[in-house]
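Student: Please find one structure pasted underneath; my questions will follow.
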Amino acid sequence: MCTPAENKPEEAEKLLKKSNEAKGCAYPPGCKNAVGAALLTEDGKTFTGCSIENSTPCLSACAECVAVWKAVSEGCTKFKSLAVCSDKKDYTPCGGCRQVLREFGDKTEIHMQLDGKAKTMTIAELLPMSTGGEAK
Ligand code: ZN
């Protein structure tokens, strides 16, 4: 369950809600590690993603990456923020997703759950001293 912090801006709340809805599409249905993500671009578009597991583990995809790939495949590479939602008490994007997001800049805000509470951090904070492609 994803609960926005009381002082969370309206934009983050909407994004968290969309990530929670996207979680419902996680594959396989009813999986224990269902995650949803919602990515907001700088021009106001939202792309959602869900975790997609595979019987071959290395072929599974994280919800965050699915959202990024959907955005990039439609020509959007400038990201403002991303919300992630899981049924776990604590959930933050994995290292791979942090680097995938970092490719497109280090100022993207990530809305997530930490210590059971909503928390927002930038990619620069989540992945310090990193490098990226600085989206063209
Ligand atoms: Zn990941």
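Read-outs throughout are calculated quantities, based only on the coordinates presented, and are distinct from any laboratory measurement. All values reported here derive from a predicted model rather than from experimental measurement. Reconstructed Cβ throughout: ideal geometry from the backbone, glycine too, with neighbour counts over all protein chains shown.
Student: For a Förster distance of 25 Å, can you work out the FRET efficiency between the beta-carbons of Cys58 and Lys117, rounded to the nearest 0.05?
Tutor: Computed FRET efficiency for Cys58 and Lys117: 0.20.
Student: Rank Asn54, Asn20, Asn33 by mean-square fluctuation in a GNM of the chain with C-alpha springs under 10 angstrom and give only the top-ranked residue.
Tutor: Asn54
Student: So, one more: Considering the chain as a Gaussian network with a 10 Å cut-off on Cα pairs, which listed residue, Ser19, Ser81, Ser73, attains the greatest mean-square fluctuation?
Tutor: Ser73
Student: In deg cm²/dmol and to the nearest 500, what is the mean residue ellipticity at 222 nm of the chain if only DSSP H runs of at least 4 residues count, each as -39500 (n - 2.57), divided by the residue total?
Tutor: -8000 deg cm²/dmol
Student: Using Cα pairs closer than 8 Å and at least 6 residues apart in sequence, work out the relative contact order for the chain, in percent.
Tutor: 22 percent
Student: Additional query: Take each of the peptides 46-52, 128-134, average the number of other beta-carbon atoms within 10 Å over its residues, and list them starting from the highest.
Tutor: 46-52, 128-134
Student: Continuing with this model, one more query. My understanding is that a pair violates if its Cα-Cα distance is over 26 Å; which of Lys32/Lys107; Lys45/Lys89; Lys14/Lys78 do that in this structure?
Tutor: Lys32/Lys107; Lys45/Lys89
Student: May I have the extent of the alpha carbons of segment 10-126 along their three principal axes, as whole Å values ordered from largest to smallest?
Tutor: 35, 32, 23
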